[in-house]
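Read-outs: derived from the displayed coordinates by stated rules, not from any lab. Note that this is a predicted model, so its numbers are computed, not measured. As a convention, Cβ positions derive from the backbone with ideal geometry for all residues, glycine included, and neighbour counts pool all protein chains shown.
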Amino acid sequence: MNNVIETIQITKTFHMGDVAVHALRGIDLTVTPGEFVAVMGASGSGKSTLMNLIGCLDVPTTGEYYLDGKSVGKMSRNEYADIRNQKIGFVFQGFNLLARTTALENVELPLFYDRTGRIKNPRQAALAALKRVDLGDRVEHEPNQLSGGEQQRVAIARALVNEPAIILADEPTGNLDSRTSIDVVSVFQELNDQGITIILVTHERDIAQYARRIVEIRDGHILKDFSVEKRRNAREDLAKIPEEE
């Protein structure tokens with residue numbers, strides 16, 4: 001079985017005038033299909049840079065990156081764009097939903113950029129994705145008619161609609177209160193239980209405890225990489241928190 005992600009000594013250096021900033025300093029990371037990995041680190045540790053490289057939003061300065069067994073560095077510009085659209089689903093801290101556009105239309109959007117024709121009925125696929133995140137009754141609502149947690153669920157549905165091999169979530173609970181954060185993480189746990197590979201970037205240790213594995217980054221190096229022994233169950237934790245009146 002191929003690793004869904006494999007990085008070999010990848011580095012990333014940014015140049016700010018005459019100053020070289022070494023964001024990543026030789027990262028070796030493998031992720032197998034079906035894992036749920038939390039990437040942790042303080043601001044400036046390199047975790048978001050790593051996420052951008054894994055998500056094909058940027059390229060490493062040196063090193064090799066394989067996605068689903070294919071060398072990303074040897075791809076053409078079109079192949080690069082296609083793999084980003086077909087293999088990876090993105091969820092961001094700020095939701096990135098279009099205003100005055102329904103949940104259904106927001107989720108459909110990535111399918112307009114799919115040149116493969118894999119998904120024959122975009123509307124049906126978008127509706128199915130919204131149902132997977134328990135928003136089947138909110139499809140015609142616009143973002144300003146949805147709570148923060150519901151908006152993030154729409155963003156997760158949008159990430160799912162292309163049937164990606166992996167979902168990358170960059171601080172997906174950063175704009176949410178504690179209860180809503182756990183609610184959103186419960187969606188990731190359910191999707192992971194269905195076999196979807198998830199990498200979640202967070203600076204919050206309690207959120208990382210819902211993953212199956214934690215990778216800690218500091219100063220561009222992997223500091224620790226370990227399995228979560230007493231993994232928290234978001235549904236169980238949610239049931240213990242009273243809903244606000």
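What you get for the chain, charging only the Cβ of Lys and Arg (+1) and of Asp and Glu (-1), is a dipole of about 620 debye around the Cα centre. Taking a straight Cα-Cα cut-off under 15 Å and skipping sequence neighbours fewer than 8 places away in the same chain, the aspartates and glutamates within cross-link reach of residue 120 are 108, 163. For the stretch 63-106, the Cβ-based charge dipole about the Cα centre amounts to some 80 debye (Lys, Arg positive; Asp, Glu negative; other atoms uncharged). Secondary-structure-derived ellipticity at 222 nm for the chain, considering helices only, amounts to -8500 deg cm²/dmol, per-run term -39500 (n - 2.57) for DSSP H runs with n ≥ 4. Antiparallel beta bridges, as assigned by DSSP with both residues in the chain, represent about 55 percent of the total such bridges. Pairs from the list 70/131; 131/224; 12/230; 12/131; 87/224 with a Cα-Cα gap above 30 Å: 70/131; 131/224; 12/230; 12/131. Magnitude of the charge dipole for the stretch 28-120, about its Cα centre and with charges confined to Cβ atoms of Lys, Arg (+1) and Asp, Glu (-1), is about 220 debye.
Here's the picture: charge each Lys and Arg Cβ at +1 and each Asp and Glu Cβ at -1 in the stretch 25-139, and of 52, 124, 69 the one pushed furthest to the positive end of that dipole is 124.
For the stretch 77-117, trypsin sites (Lys or Arg not before Pro) meeting the loop criterion (DSSP other than H, G, I, E, B) and having at most 11 other Cβ atoms within 10 Å: 100, 115.
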